[in-house]
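The values are calculated or read from the model by the stated rules, or taken from the named source; none is laboratory data. This structure is a prediction, so every number in the text was calculated from the model and none was measured. To get the accessible areas, we keep the full protein, side chains included, count just its heavy atoms, and leave off ligands, DNA and RNA. Shrake-Rupley method; radii C 1.70, N 1.55, O 1.52, S 1.80 Å.
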Amino acid sequence: MSNCSARSSNEGQAKGEQQHVRQVQYDGTTTPPTSIAECKELTGLTHECGVFGAIACGDWPTQIDIAHVVCLGLVALQHRGQESAGIATSEGKSGKNFNVHKGMGMISTLFNEESMKKLRGNLGIGHTRYSTAGGSEVVNCQPFVVHTAHGPLALAHNGELVNNESLRREVLTRGVGLSTHSDSELIAQSLCCAPEDVSENDGPNWPARIRHFMTLAPLSYSLVIMLKDKIYAVRDTYGNRPLCIGKIVPINAGHGASAETRADGWVVSSESCGFLSIGARYVREVEPGEIVELTRSGYRTVDIVERPDFKRMAFCIFEYVYFARGDSIFEGQMVYSVRMQCGRQLWREAPTEADIVSSVPESGTAAAHGYARESGLEFAEVLCRNRYVGRTFIQPSTRLRQLGVAKKFGALSENVAGKRLVLIDDSIVRGNTIGPIIKLLRDAGAKEVHIRIASPPLQYPCYMGINIPTREELIANKLDAKQLARHVGADTLQYLSVEGLVQAVQLKRQTSGGGDKRMTGHCTACLTGEYPGGLPDELSW
């Protein structure tokens, strides 16, 4: 379950298994999805959130439209959440308030010319969110703004606190009231209280407060925290959720400008995919456990909170498989390249005789290209996505419901008829969509349909910010690959192995000489059940 949703502190089931997202089946009784939210619900993976921050360099008031920079940054992160969004800006003065606009809906509908005028400032942060059932309310929209003795503080959060309940008890014991059950508000209120062993005679020591919170909450979070005239970028010590820094370059800097070119501003984002569209250049990732301070003068590391010596980094491997946009950079490599490598590895592990290779667009396309190149088979598109699937109010008849996937896809029959094809997808969660797709292809004349999945079977819930369905809902816990192939009507079906996925993700680092092994490592908990920080009940001290 994502941190971004409201949650009762006394729910009986374990985190990650609390919310039973409505299971959508094409059995003639349930309508196909008619919105982006329902489409994500259908796939079964309801991650997540995106965070973004920007600050102008030089003299203020700045000539850079910070609100528009943040808004465009959020648009680039819209794939990480479509239910709500918000922006908070500051003019950097001694004022008592931030400019805030947030609400339910897509960014394009929330922010217009009038709202953007009210968000003028020299620095700002933003958030785009996807919640689970029960948490889709205005009260949970971010950024959260709280008023402290030292001025306002705004916070945006991606992830989920695995020890939410123990931290909540501690905050409540201090006499702090909470208005929601959101992890993000809990973090904001935690930062309002100075640690007992920290002296603040000369004013608030925000890095010390952030460090104190990080020692109490091992994972999972990437944070952007805005104060009057600065932004802090924070990543948990395991590096479970992504966060990176970019530099806004002058318009006339050109493509050949050196790395020393002065910056017009700095940005921090969950992903780097939107940097070029706002005139920014990728600089580096925020390291696990790092606290980065961004001011009008630039950015600097103010502290690093270390993991226990026996623990390795645990970056979410499903960011590569499913969540991130293909043009984002993680760990020095582009996500698209890693997905292609997953396809290459998939051919080595699960070859088959076929005429063409194709994909379920667009999530499986990169892996399909890798599979085709490694096998020498031709890549050809066989499915055409209907981009307006969520724009109709017409409810189909029972017969059309049974053809549910036809609303979402069309088949390119000339590429399919009489062919033995390999169809690549990035993952299977509930197994609701692959069967209708296979039927669609067979109706278009496919001779054979071999399914290859560019990730291992999902078998376990996630406690770190991704609402993977309960174990009972995950199809891999009911059927093995051969049984699933029969169930969905495929000639064969095979997954990429866990070892193969890890090898594909770490290939670039391995070929470049390795480096510090503690600074590598990926969370595979949803695939293996091995959680980097233990189970939540083990952490709720």
Rounded, prolate or oblate, given the Cα gyration tensor of region 209-327, with a/c below 1.5 counting as rounded?
oblate
Computed accessible area, residue 93, all protein chains, 1.4 angstrom probe, square angstrom:
130 Å²
So what does residue 480 come to for accessible area, using a 1.4 Å probe and Å² rounded to 10?
80 Å²
Contour excess over end-to-end distance, with Cα ends at residue 120 and residue 173 and 0.36 nm allotted per residue
15.3 nm
Would you list 362, 353 from the most to the least accessible area, probe 1.4 Å?
353, 362
Starting from 0.36 nm per residue, how many nanometres of slack lie between residue 60 and residue 528 once their C-alpha separation is accounted for?
163.4 nm
Which distance in Å, rounded to a whole number, links the C-alpha centroids of region 475-507 and region 142-213?
42 Å
Once you order the gyration tensor axes a ≥ b ≥ c over the Cα atoms, which shape class does region 334-388 get: rounded for a/c under 1.5, otherwise prolate or oblate by comparing a/b with b/c?
oblate
Accessible area of residue 419, 1.4 Å probe, to the nearest 10 Å²?
60 Å²
Show the residues, 5+ positions off or on another chain, whose built amide H is closer than 5 Å to the amide H of residue 317.
523
Spatial separation of Cα centroids for region 522-536 and region 313-384, in angstrom:
24 Å
Mind ranking 460, 221 by accessible surface for me, highest first, 1.4 Å probe?
460, 221
Can you tell me which aspartates and glutamates have their Cα less than 15 Å from the Cα of residue 117? Leave out same-chain residues fewer than eight positions away.
65, 91
Ordering 109, 301 by the accessible surface of their heavy atoms, 1.4 Å probe, largest first, yields 109, 301
Taking the alpha-carbon distance from residue 478 and a cut-off under 22 Å, which lysines remain once sequence neighbours fewer than 8 residues away in the same chain are dropped?
15, 40, 439
